[in-house]
Amino acid sequence: MTRRSISLVLLALVAACATSPAPRYYTLAADATNAAPAHGATDALSIWVAPVTLPESVDRPQMVVRVAPNRVAILDGHRWAEPLPGAMARAIAADLAALLGGARVSAEAQHAASGAQIRVLVDVQRFESVPGQGVTVEALWSVRQHGESDGQRGHSLVAEAVRGAPADPAGGPDYEALAAAHSRALAALSQDIAQAIRPAKR
């Protein structure tokens, strides 16, 4: 190729990169903040939520959506604003704080676990997103009092449909609605965990 041809190709590549849309970033949020706290006192109860474990296929910055029974798409243009294990733990912790009025719930650094009366471990088995339809979250979890080696175990399976019309001006899938559906699914999971925490404290 001549120098002129190479220059034209480089200019075309630069122009293509300059017009590529910037990635969109999504977060998970507590969805049980308006829920009425469960009955019974939990004042001064301290709870630590460990970082959530996830299947490797979805534990990545990009959103992963199911497009066929045996096929997924990894969306470089739609990303989580922070690593999912920590984001999910923080959403669950905020939901538990709302559900267990008065409890001190943390999902921060490991050192916070040492003084917690109750530890919550969540192992997500399924974290599925289907654009235009909904999400599924399936998890195994345990609630352990300080000093216990086992504790109470549970299993939750939650399906949430997306809500609202597509927000994409081009009429494409509403990925923000998928993120919101995952937040609602985590709130339902937190409901199950909150119910287990109260008997564990009695």
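A quick yes/no check of all residues on (1) buried (at least 19 other Cβ atoms within 10 Å of the Cβ); (2) among the hydroxyl-bearing types (Ser, Thr, Tyr); (3) touching a residue at least 40 places away in the same chain (Cβ under 8 Å):
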position	(1), (2), (3)
ARG60	no, no, no
GLY86	no, no, no
GLN117	no, no, yes
SER129	yes, yes, yes
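When we screen ARG90, ARG79 for residues that are among the charged types (D, E, K, R) and buried (at least 21 other Cβ atoms within 10 Å of the Cβ), the only hit is ARG90. Within segment 70-88, the set of residues being touching a helix residue (DSSP H, G or I) at 6+ places or on another chain (Cβ under 9 Å) and in a helix (DSSP H, G or I) comprises just one member, MET88. Within segment 19-46, restricting attention to residues that are outside any loop (DSSP other than H, G, I, E, B) and modelled with pLDDT of 85 or more, the residue that is surrounded by the fewest Cβ atoms within 10 Å (Cβ to Cβ) is TYR25.
Tell me, please, whether a residue that is at pLDDT 90 or above and assigned to a loop (DSSP other than H, G, I, E, B) can be found in segment 142-161. The answer is no, given that none of the residues of segment 142-161 is at pLDDT 90 or above and assigned to a loop (DSSP other than H, G, I, E, B).
The values are calculated or read from the model by the stated rules, or taken from the named source; none is laboratory data. The model shown is predicted, which means the values in this text are computed figures rather than measured ones. Every residue, glycine as well, gets a Cβ built from its backbone with ideal geometry; the counts of neighbours run over all protein chains shown.
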